[in-house]
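What follows draws every value from the coordinates through simple rules; no lab data is involved. Fair warning: this is a prediction, and the values are worked out from it, not measured in the lab. Because the Cβ atoms are built from the backbone with ideal geometry, glycine has one as well, and the counts that use them run over all protein chains shown.
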Amino acid sequence: DMAEKGGFKHFMLKEIHEQPDVVKNTLMEFSEIEKVVGKFSKFKRICFVACGTSFHASLVGKYLFETLLGIPTDVLLSSEFLFSEGALDKDTLVILITQSGETADTLKALKIANKKSETLAIVNVLGSTATREADHVIYTRAGPEIGVAATKTYVCQLVSIYMLVSAMSGNDKLLAELQKVPDHMKQALENEDHIIEIAKKYKDANDFFFIGRGFSYPTALEGALKLKEITYIHGEGYAAGELKHGPLALIDDNVPVLAVVPPGESHDKTLSNIEEVKARGAKVIAVGSSKDEVLKSESHDIMGFDGDISEMLSPIPYVVPLQLLSYYISVERGIDPDKPKNLAKCVTVE
Ligand code: G6P
């Protein structure tokens, strides 16, 4: 059993540690992606469709398509997709993201989309149903993922989306910067002992908020989902700027707030949100740059990165400390993170 897990205590931990390598494998798919995008310049609208963690990867995709290509992009949950069917047309590219390629809601959406639009599936499992039914396919090269909570497949989905946008826009700079992402991820893994200490400190909380803006908003949502899935603690991901429209009423000294604050455009505004939650007694755990002295002084704990990475690419490495934090809180609480209760790796019912 231990051999299967490569010496790690759980598959999830093994899969978290595999991330720099599987990202490198996924990066080698770039030439395949270039072939796929041949005629994509004709599309006037993009519509992402996915569930769970794959939905969060899609949210990053929206900001990328809109920022770098100026193409209006929607992101829909697969189970809600049929209510948007009326807006589908031949100028829309529907991109379905699914690790398994077998999620029932996503396959149903694919069937609907195939009738009116062109479809592209971004999938991890070779030969799965989605790969057979979509017009175009991009494979993520994460290898088999056993842990129920998605980790390495998420970062590979992100890498595939960045490569897709880079191929469509001819943005070589983005592609060059992507090659450095595995090194940034390694740094987060080297800080594991520090993250274990933070997990021990916060393991007894009943509620957490995860906040971020722009490219860090999906990271906040994904961090909260990981927490719910494997620790059974209520974790809520929120757009930092939206806190004042409700959730602030819930903040007190029992609710730790995890803030995703890379250097860049969103930085100063998220810092002011940190001040707002601190004024209500919250303890703040930040994910950001180790060189960010202001962030360090404003937060109680920081999971920091030494290297410089653009805000646009930060979603890939910045999710890693969040995965580790949930993993270690899960272990501290005596839960098996590989097999959380009530959840399945692949959901084949609508
Ligand atoms: C389940 C899994 C999640 C996954 C979601 C979507 O809920 O537990 O980890 O993100 O399904 O799965 P898919 O295979 O379509 O990406």
Restricting attention to the range 48-68, report how many residues are crowded, with 16+ Cβ neighbours inside 10 Å and more than 16 Å from the ligand (Cβ to nearest atom).
5
Scan the range 293-350 for residues that are under 20 Å from Ala57 (Cβ atoms), more than 16 Å from the ligand (Cβ to nearest atom) and surrounded by 15 or more Cβ atoms within 10 Å (Cβ to Cβ) and jot them down.
Ile309, Glu311, Met312, Leu313, Ser314, Ile316, Pro317, Tyr318, Val320, Pro321, Leu324, Leu325
Just for strands (runs of 3 or more DSSP E) wholly inside the range 234-350: which have at least 3 residues that are in contact with a Phe, Trp or Tyr (Cβ under 7 Å, 6 or more places away or on another chain) and under 17 Å from Ala224 (Cα atoms)?
234-239, 257-261
Can you tell me which residues in the range 275-286 are within 23 Å of the chain's Cα centre (by Cα) and in contact (Cβ under 8 Å) with a residue 40 or more places away in the chain?
Ile285
Residues that are within 30 Å of Ser266 (Cβ to Cβ), more than 15 Å from the ligand (Cβ to nearest atom) and in a strand (DSSP E or B): does the range 118-139 have at least one?
no
Among the numbered criteria (1) more than 14 Å from the ligand (Cβ to nearest atom); (2) out of contact with any Gly (no Cβ under 7 Å at 6 or more places or on another chain), which single criterion is violated by Asp105?
(1)
Restricting to the range 186-215, name every residue that is over 24 Å from Asp252 (Cβ atoms) and assigned to a helix (DSSP H, G or I).
Lys186, Gln187, Ala188, Leu189, Glu190, Glu192, Asp193, His194, Ile195, Ile196, Gly214, Phe215
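Any idea which of Gly214, Gly170 is buried (at least 18 other Cβ atoms within 10 Å of the Cβ), away from the ligand (no atom under 16 Å from the Cβ) and on the phi > 0 side of the Ramachandran plot?
Every option except Gly214 fails the conditions.
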